[in-house]
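Following: one structure in structure tokens, then a few remarks.
A short reminder: the numbers here are calculations on the coordinates, not readings from a lab. Predicted model only: the values in this text are computed from it and were never measured. Note: ideal-geometry Cβ built from the backbone for every residue, glycine included; neighbour counts use all protein chains shown.
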Amino acid sequence: MVAPQMPSDPFPGSAGAAAKLALRDQLLTRRNRRSLAEVGACARAIATHLLAAPEVRRAATVAAYVSIGNEPGTGHLLDGLEEAGKRVILPVLLPDGDLDWAPYRGEGTLVPARRGLLEPVSERLGRDAVATADVVLVPGLAVDPDGLRLGRGGGSYDRALARVPVGTFTCVLLYDDEIGLDVPAEPHDRPVVAAAGPAGIRVLGPGSFPG
């Protein structure tokens, strides 16, 4: 699903906001050119890598999301997590742009929501439910070598990631050419520790990329 975020940057006057906007436009244009066949193949590859990852295999609860449009798809991943007996929680966009969470009960329990999103109709767990997850999987448009993620500008996932305990496996799902880019930084940005792409999972942080 498209990151449940506000449509414009909540810090329009902050340093890096204009650079982020330009990079978002560039990346969204590139995504719109991807074929359905490519999107589907990438979704299957990412699901395979994540379901085999030790962090996911030993997790009891996984916070994930429902992809839409030309985002790297999460349908295969959600099915695999459910088949593996994981407790999966999904985001519910609140009026203030923050995220509540609700259990995933299968594709048939998802309903259309604002901004073209699909959200679960199960009971709400509260904003802090993301802190109970052993693995947190998030959408994005790009990530830099240190784990700084570029989202869609509303800050929803930055707020959610701020509630996640240090040491939790946090991973952004991207296409391979969106990993390792130069992402402008702002004070509210929250990094992730890994990126999953069709080629595999990349650990992020100082020294993770050569050169």
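For the chain, with a Gaussian network of springs between Cα atoms less than 10 Å apart, report the residue from V172, V66, V56 with the top mean-square fluctuation.
Answer for the Gaussian network model of the chain: V56.
Taking square-rooted eigenvalues a ≥ b ≥ c of the alpha carbon gyration tensor, is the range 32-83 rounded, prolate or oblate, where a/c under 1.5 means rounded and, failing that, a/b exceeding b/c means prolate?
Prolate, because a/c is 1.5 or more and a/b exceeds b/c.
Cα extents of the range 130-187 along the three principal axes, largest first, in whole Å?
31, 22, 17
In nm, give the distance between the simple-model label positions of T61 and R33, each being 7 Å from the Cα along the Cα-to-Cβ direction.
Going from the T61 label point to the R33 one covers 4.2 nm.
Measuring from label point to label point, each 7 Å out along Cα→Cβ, what is the R105 to A52 span in nm?
Here the answer is 3.4 nm between the modelled labels.
Connecting C-alpha atoms closer than 10 Å in a GNM of the chain, tell me which of H49, H188, H76 has the biggest fluctuation.
Most flexible of the set in this elastic network: H188.
How much FRET efficiency would the formula 1/(1 + (r/R0)^6) give for D177 and R44, where r is the Cβ-Cβ distance and R0 is 22 Å, rounded to 0.05? Walk me through the intermediate numbers first.
Numbers: r = 18 Å, r/R0 = 0.81.
According to the calculation, E is roughly 0.75.
Using helices alone, what [θ] at 222 nm do you get for the chain, with -39,500 (n - 2.57) per DSSP H run of 4 or more residues, divided over all residues and rounded to the nearest 500?
-7500 deg cm²/dmol
Grab every C-alpha pair in the range 72-168, bin the distances at 5 angstrom width from 0 up to the longest one, and report whole percents.
2, 12, 21, 26, 23, 12, 3, 0
Indicate, rounded to the nearest 5 percent, the antiparallel portion of the DSSP beta bridges found entirely in the chain.
Counting only bridges with both partners in the chain, antiparallel ones make up about 50 percent.
Quick check on the range 157-211: what are the equivalent-ellipsoid semi-axes from the Cα gyration tensor, as sqrt(5λ), descending, whole Å?
Over the Cα atoms of the range 157-211, the ellipsoid semi-axes are 19, 14, 12 Å.
Using alpha carbon coordinates only, what is the Rg to Rh ratio of the chain, with Rh defined as the Kirkwood radius?
On the way: Rg = 15.7 Å, Rh = 17.0 Å.
A ratio of 0.93.
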